[in-house]
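Since the structure comes first, as C-alpha cells, the remarks are kept for the end.
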Amino acid sequence: SAVLSDANAATATFIAPDVLADEQLVFEVAVSDGQDTSTARVTVEVVFINQMPQLSWVTTERAFDEESSFTLEMSAIDNDNQNLSYAWSQLSGEALSFDTRNESSISVQAPSVSADSQVVMRVTVSDGVDSVSLDIALTVNDVTAPAPPPPDSSGDSGGGTMGWYMLCLLSLALMRRASVVRRDSIYR
C-alpha cells in the first residue's frame, strides 16, 4: 500500500513501496463540483527492482603455510531477503583442495609449494535474480623444513672414521716393524 500526500489536491503524489515482485496499486479518484461527484479508478504498477547482494570478506588472514588447513568465510546481505546461493572457484595459482559447499564459508587445504605462491579465489553469490562475485588474493607460504640436528658426539658413536684410521696406522706400524726385524736378521 502507498500513502498519498495532498490527497485533496488536484495532483496527488506517493512514494512507491518496496516490493518483492511487480505489484499493482489501485487508487480511486473522486471529483465533485458541489452537486455531482464523478469517480474513476487509476491503476499504477510498481515494478520490482532487485537489489543485488552486498558481499564482504569475514576472513582477514591472507597468508597461509603450505599443507595447512584453513577456512575462507564471507558475508552476504540481501536487502530483498531472498534466499542466497554460493559458488566457490579458484581463478589462479597452485591448485587448492576445497569443498564446494553452497555456504558462505569453505574449508581449504593448501598445497605443497617450492616458493611462496599467489592464489586467487572467487565466491559468486546469487539471489535468484542477480549474481555478484568477490575475489580474494591469498599467499601460500613455502615453509622450509628445519635442518636435521647434528649427530650426537657426546655418546658412544662406535668409533666411526677415527677407528678405521687408527686400524690402518696400526697395520702400517706392524708392517714396518716386521720389515725392520727381517733386515736385522739378514745382517746378523
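What follows is calculated from the coordinates using simple rules that are stated; it is not laboratory data. Here the structure is a predicted model, which means the values were calculated and not measured. Positions of Cβ are generated from backbone atoms using ideal geometry, with glycine treated the same way; all protein chains shown enter the neighbour counts.
Brief remarks on what is shown
- Residue of Arg122, Arg176, Arg101 that the Gaussian network model of the chain assigns the largest fluctuation, springs spanning Cα pairs under 10 Å: Arg176
- Residues Val58, Val140, Val119, ranked from the fewest to the most other C-beta atoms within 10 Å, line up as Val58, Val119, Val140.
- Förster-model FRET efficiency, 41 Å R0, Met166 and Ala145, C-beta, rounded to 0.05: 0.65
- Ellipsoid semi-axes in whole angstrom, largest first, where each is sqrt(5λ) of the Cα gyration tensor of the chain: 94, 12, 10
- Computed lengthening from Gln24 to Ala95, 0.36 nm per intervening residue step minus Cα-Cα distance: 20.4 nm
- Binned Cα-Cα distance frequencies in the range 1-101 - 5 Å width, integer %: 2, 8, 12, 13, 9, 8, 7, 6, 6, 6, 5, 5, 4, 3, 2, 1, 1, 0
- Note on Ala87 and Asn50: their simple-model spin labels are 1.3 nm apart, each label 7 Å out from Cα toward Cβ.
- Angle between the chain longest axis and helix 160-186 axis [Cα atoms, degrees, rounded to 10]: 10 degrees
- Per-selection metrics, the range 84-135 (Cα): Rg and Dmax in Å: 12.6, 43
- Taken over the range 1-46, the convex hull of the Cα atoms encloses 62 Å³ per residue.
- Ordering Trp88, Trp57 by the number of other Cβ atoms within 10 Å of each residue's own Cβ, fewest first, gives Trp57, Trp88.
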